[in-house]
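Colleague: What follows is a structure written as structure tokens; I'll ask about it next.
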Amino acid sequence: MSDRRYWNPKWECAPKSDLRALQLEKLRRSVAWAVAKSPFHRRLYEEAGVGVDDLKTLDDIRRLPFMTREDWMASQAEKPFFGDVLTASREHAIRYHLTSGTSGRQPLRVLDGGKDWQWISECWAYGFWGFGVRPEDTVFFAFSYGSFIGFWGAHYCCEKIGALTIPSGNMTTENRVRQLVEMEATTVCATPTYAIRLALEAEKQGLDLPGSSVNKLIVSGEPAGSIPAMKRLLEEKWGAKCADTAGMTELGTIMMFECAEQPGGAHIIEDHFIEEVLDPETDDPVSYGEMGERVVTSFGRGMIPVIRYRTKDLVVKVPHDHCSCGRTFDIFEGGIQGRVDDMLLIRGTNVYPRAVEAIVREYDEVDEFQIVAWRREDAIDELTVKVEFVAGFTGDRSGTLSTLAADLKRNHEGLRINVEEAAEGSLPRFELKAKRLIDRRNQG
């Protein structure tokens, strides 16, 4: 088997002019397909008064309307279960998935056809091959295999590559750790939070993960995978290189991956996606190195066209030459930096949960944490970070809390952020996406 099976220099190393020409051609085809087959998109484009003939250059993408989660959800509420976004009836679908959702909000329902799923697994193969997964690898998925799309596409990509693929389903954390060691897994896939939990469980059982056969840890689902302190902690606990990836149920698959060179960010799969970075208030494009909202156009999903979808993710795009791997795919520095809708305004200061986590993760003695926004009786907003120390920590707990509070204050324009100790085992643990932010300001 060729070592270049999932390395495609024609596009991964293509000149930018060739990539942009390919994107324009795929964009035109996607818009034509969406207007012809999807009532949702036909209505959207007719109301905007634009169509495929208006796409003369790639810059003309800005003439197209945005697709939003809110409009998509409204469509599904009006016409359960899938709205009028589909280009084919459900009889043509082979997969059904739900977004992870949040409390009090109906998740989106998505369907994929056979060709869609081939494309989904192929995009994952870009990322896994790029990080070094090969047919001789044994890949262990610490993932529940529910209706959340999670690592489903990654599972099938490993089968395409030819690696031995081990699903762990609803196994306990204890049994997962034992099995991945017994089966001599070389690659483990999990959320960053759950990867830490697995490592702590291994230590509890006396298993030597750094001395095991695991040499690659691939994480997804949370911004923490690109936080330097978290990545250092993961690599130390596992004795393996750690790569971040990012995908979305709405978009069907992985859109960015960290290659084996680990450039401090994730390559955008630019022959399958257009990733705009816009000012979330003005909708104007921002320059390289500036933070903005990801607006994504996906080319591979036929049953659900996704064109200029507002993700609400915050990113910083930098040129491809920030990495030495030879790919000409641009990079999202630091992966997903946060979310527009996660930003907290506390006494006039913007606070992003990812920025808080980046500071907390610098403290090895902290096992788990939670961020709580609340409102005092005098209507003043407060932010409290609850931290749970690692089991057996015998150091200066009050001193650590004070130092952490000072670090948080220094990095948030002098904003006082309360730091409190939580009892051991009192904070929730997560297997899928961690939800550490609790906003109580409008409760009661």
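Values in this text are rule-based calculations from the coordinates and carry no lab data. Just so it is clear, the structure is predicted and the values come from calculations on it, not from any experiment. Every residue, glycine as well, gets a Cβ built from its backbone with ideal geometry; the counts of neighbours run over all protein chains shown.
Colleague: Rg and Dmax of segment 317-392, Cα atoms, in Å?
Modeller: Taking only Cα atoms of segment 317-392, I get Rg and Dmax of 17.5, 57 Å.
Colleague: Report for segment 1-340 the percent antiparallel among DSSP-assigned beta bridges with both residues inside it, nearest 5.
Modeller: Working: 29 of 46 bridges.
Counting DSSP beta bridges with both partners in segment 1-340, the antiparallel share is about 65 percent.
Colleague: Computed over the Cα atoms of segment 297-358, what is the convex hull's projected area averaged over all directions, in nm²?
Modeller: Spelled out: convex hull of the Cα atoms, projected over all directions, averaged, 6.4 nm².
Colleague: Still on this structure, please answer the following. Evaluate the charge dipole of segment 223-304 about its Cα centre and quote only its size in Debye, nearest 20, assuming +1 on the Cβ of each Lys and Arg and -1 on the Cβ of each Asp and Glu.
Modeller: The calculation lands at about 600 debye.
Colleague: When all alpha-carbon pairs of segment 1-79 are counted, what percent fall beyond 19 Å?
Modeller: 52 percent
Colleague: If you place +1 on the Cβ of every Lys and Arg, -1 on the Cβ of every Asp and Glu, and leave all else neutral, what size is the dipole of segment 1-340 about its Cα centre, to the nearest 20 Debye?
Modeller: 700 debye
Colleague: Still on this structure, please answer the following. Please provide three numbers in whole Å: the alpha-carbon extents of segment 169-324 along the principal axes, with the largest listed first.
Modeller: 54, 35, 27
Colleague: Okay, next question. Expressed as cubic angstrom per residue, what is the convex hull volume of the alpha carbon set of segment 180-234?
Modeller: Once divided by residue count, the hull of segment 180-234 is 70 Å³.
Colleague: Also, quick follow-up: Using only Cα positions of segment 344-439, each an equal point scatterer, no hydration layer, compute I(q)/I(0) via Debye at q = 0.14 Å⁻¹ and quote the log10 values to two decimals.
Modeller: -0.51
Colleague: Something else now. Count the net charge of all other residues whose Cβ sits under 9 Å from the Cβ of Lys241, scoring Lys and Arg as +1 and Asp and Glu as -1.
Modeller: That sum, taken over residues with Cβ under 9 Å, equals 0.
Colleague: Taking the Cβ of Glu424 as the center, what net charge do the other residues with Cβ under 11 Å away carry, scoring Lys and Arg +1 and Asp and Glu -1?
Modeller: It works out to a net charge of -4.
Colleague: Assign unit charges at the C-beta atoms only (+1 for Lys and Arg, -1 for Asp and Glu), then state the dipole size of segment 344-439 relative to its Cα centre in Debye, rounded to the nearest 20.
Modeller: Numbers: 14 positive and 19 negative charges, 74 e Å.
So the magnitude is around 360 debye.
Colleague: Calculate one ³J(HN,Hα) per residue across segment 174-180 by plugging θ = phi - 60° into the Karplus curve 6.51 cos²θ - 1.76 cosθ + 1.60, and present them in order as whole Hz with x for glycine and proline.
Modeller: 4, 6, 4, 4, 4, 5, 5
Colleague: So which trypsin sites (Lys or Arg not before Pro) in segment 335-395 are both in a DSSP loop and have at most 12 other Cβ atoms within 10 Å of their Cβ?
Modeller: Arg347, Arg376
Colleague: How big is the antiparallel share of DSSP beta bridges in segment 344-439, given as a percent to the nearest 5? Please list the in-between numbers first.
Modeller: Working: 12 of 19 bridges.
In segment 344-439, DSSP labels about 65 percent of beta bridges as antiparallel.
Colleague: What does DSSP give for segment 76-192 in terms of the percent of beta bridges that are antiparallel, rounded to the nearest 5?
Modeller: Among the beta bridges of segment 76-192, antiparallel pairing accounts for roughly 35 percent.
Colleague: What residue among Glu413, Glu431, Glu276 shows peak mean-square fluctuation when the chain is described by a Gaussian network model with Cα springs under 10 Å?
Modeller: Maximum fluctuation in the GNM of the chain, among the listed residues, is at Glu413.
Colleague: Moving on to the next point. Work out how far the C-alpha atoms of the chain reach from end to end along every principal axis, then list the three figures in whole Å, largest first.
Modeller: The Cα atoms of the chain stretch 67, 62, 43 Å along the principal axes, largest first.
Colleague: Related question: How large is ³J(HN,Hα) for each residue in segment 354-366, as worked out from phi by the Karplus curve 6.51 cos²θ - 1.76 cosθ + 1.60 (θ = phi - 60°), to whole Hz, x for Gly and Pro?
Modeller: Using θ = phi - 60°, the values come out as 5, 5, 5, 4, 4, 7, 4, 5, 6, 9, 5, 7, 8 Hz.
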